[in-house]
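Once you've had a glance at the structure underneath, I'll fire off some questions.
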Amino acid sequence: MSNPRPKVRSRAPPRKKACKQCTEAKARCDLEKPGCFRCKCRGLPCLYTSPSTTITGTTLTNDLGSQDANSGRFDLSFICQPANRVDAPSPATSSSGNVVSFEQSLTVTATDSQGDIAASTDHGPALETRLDFSALDLRSTTDSSGIRNKWMESFLPSFSKAPKILQPYTVQFLSCVLRTYPKCMNRPNGLPPIIHPLQVAEQEMPLPLANCYSLVRMWYSRATGSEAIVTVTVKQEMERLLNEHQSYGQMDLLATLQAYLIYSLMAYFSPVQGVSLVDHTTLVNLQELAYRMSLTGLVCTEELCHSRPQWESWIVASAKRRTLYAVYLFHNVFNSVCQLPNYIGEELRDLPVPASKALWEAQTREAWEREYDYHLSTWQGNELRISELWRSADTGSPERQKRIDQWMQSVDEFGMALFAVSAHIHGC
């Protein structure tokens with residue numbers, strides 16, 4: 001049966017134009033006058049372009065169709081175009097600068113057919129949106145040096161900080177959760193909850209994640225007698241990421257930390273007999289990669305002003321924070337098994353908790369913006385922070401419990417796991 005004809009979108013009415021500052025920053029503008037909220041937060045002069053002008057009977061509306069106030073680009077959606085089309089993120093490049101497609105990165109898994117690989121990374125229908133990750137607006141609000149040196153606390157503990165106690169069942173629970181993350185990538189439509197679907201929505205994806213998909217499949221489907229070549233290949237890829245990560249852009253740097261963490265979890269919880277790829281040096285490397293990633297920003301500028309950010313910026317910021325939290329959780333498991341002390345990550349205290357499942361899984365810009373507006377109205381500029389899950393004088397108070405209950409009503413499995421661990425350690 002032939003596919004139905006694509007729907008033709010009717011021409012949308014012209015949108016109001018964003019102010020000049022928001023247009024140049026490709027940011028969402030609330031169109032308030034005399035000054036929009038974003039400009040007020042930054043102390044910037046808020047200027048609007050002149051309204052449409054009529055010349056010799058022809059109206060110049062300053063747009064073609066309508067202009068997107070979020071990106072400053074012209075919206076030509078009224079032109080007939082196939083439904084379910086998405087412009088892919090920028091293709092990954094190798095260290096030599098050549099474009100690396102997903103198929104090209106699969107040379108390490110020659111036994112896998114292209115059809116099998118495509119099936120394993122097919123995350124449903126194409127998303128009806130345009131994405132541009134080239135102009136992210138993120139800020140670094142954390143103590144990045146604290147992230148980098150986190151591993152040192154276990155060997156040079158501070159007398160001013162008491163170690164947090166992880167009971168054996170807490171460690172067992174965390175292990176059960178974390179060891180599923182690599183396995184998610186070994187099944188069709190599978191994604192660990194630290195990787196946003198739009199990072200791998202197309203066949204061309206960041207090289208570190210493309211290789212990660214291949215190597216995870218190799219690891220779990222290895223034939224008897226191939227253990228040596230499998231472990232050597234994964235080890236070499238981990239070393240390559242460490243050697244090249246300082247030359248990566250923001251998206252590839254995020255993918256590098258995600259891939260390195262997946263390899264670490266895979267090798268730690270599903271080791272090849274007689275071979276250990278994870279030791280204290282691995283944890284040091286994870287913290288170094290997390291440090292580099294944090295320097296490029298973990299929070300959207302608009303999140304600091306309690307307004308709606310650009311979708312692309314939010315996707316990257318949320319994926320960064322989830323990956324960072326997962327690194328810390330794995331660190332806790334590793335130290336507990338090695339009978340080393342764990343300490344609260346004070347450097348992360350002001351970061352937001354994982355957002356709602358509806359926000360994380362939104363498949364269109366319109367749906368995400370609608371959910372984010374609801375999120376803003378619900379929290380009224382005072383969303384839950386990760387430190388509110390830790391023990392403090394407010395733990396167990398009606399106000400704190402109300403805020404935690406409000407958050408838990410909408411979280412996904414990652415947020416629920418983070419809450420469970422925090423409740424085990426700190427109470428709730």
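The values are calculated or read from the model by the stated rules, or taken from the named source; none is laboratory data. Note that the structure is predicted; figures quoted are calculated from it, not measured. Here Cβ is always computed from backbone atoms with ideal geometry, including for glycine, and neighbour counts include all displayed protein chains.
Residues checked against (1) modelled with pLDDT under 95; (2) among the hydrophobic types (A, V, I, L, M, F, W, C); (3) in a loop (DSSP other than H, G, I, E, B); (4) over 25 Å from TRP151 (Cα atoms):
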residue	(1), (2), (3), (4)
THR323	no, no, no, no
ALA326	no, yes, no, no
PHE330	no, yes, no, no
TYR372	no, no, no, yes
ASN382	yes, no, yes, yes
GLY396	yes, no, yes, yes
PHE414	no, yes, no, no
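Another question, if that's okay. Could you run through segment 151-170 and say how many residues are modelled with pLDDT of 90 or more and under 25 Å from the mean Cα position of the chain (by Cα)?
Counting residues in segment 151-170 that are modelled with pLDDT of 90 or more and under 25 Å from the mean Cα position of the chain (by Cα) gives 0.
Of the numbered conditions (1) surrounded by 18 or more Cβ atoms within 10 Å (Cβ to Cβ); (2) touching a Ser or Thr at 6+ places or on another chain (Cβ under 8 Å), ASP412 fails exactly one; give the number of that condition.
(1)
Please work out which one of (1) farther than 30 Å from ASP279 by Cβ; (2) touching a Pro at 6+ places or on another chain (Cβ under 8 Å) is the condition ARG322 fails and give its number.
(1)
Give all pairs with beta carbons closer than 9 Å in which a residue from segment 266-285 that is assigned by TED's automatic domain parsing to the domain that holds GLY146 meets a residue that is charged (D, E, K, R) and part of a loop (DSSP other than H, G, I, E, B); count only pairs at least 6 apart in sequence or on separate chains.
Qualifying pairs under 9 Å: MET266/ARG179; TYR268/ARG179; PHE269/ARG179; SER270/ARG179; VAL272/ARG222.
When the residues of segment 186-226 are narrowed to those that are touching a Lys or Arg at 6+ places or on another chain (Cβ under 8 Å) and in contact (Cβ under 8 Å) with a residue 60 or more places away in the chain, which ends up farthest from GLN250 (Cα to Cα)?
ASN186
Kindly evaluate ILE117 against the criterion of being modelled with pLDDT of 85 or more and either of a type in the set (S, T, N, Q) or farther than 18 Å from GLU361 by Cα (or both).
So ILE117 does not fit the description; no.
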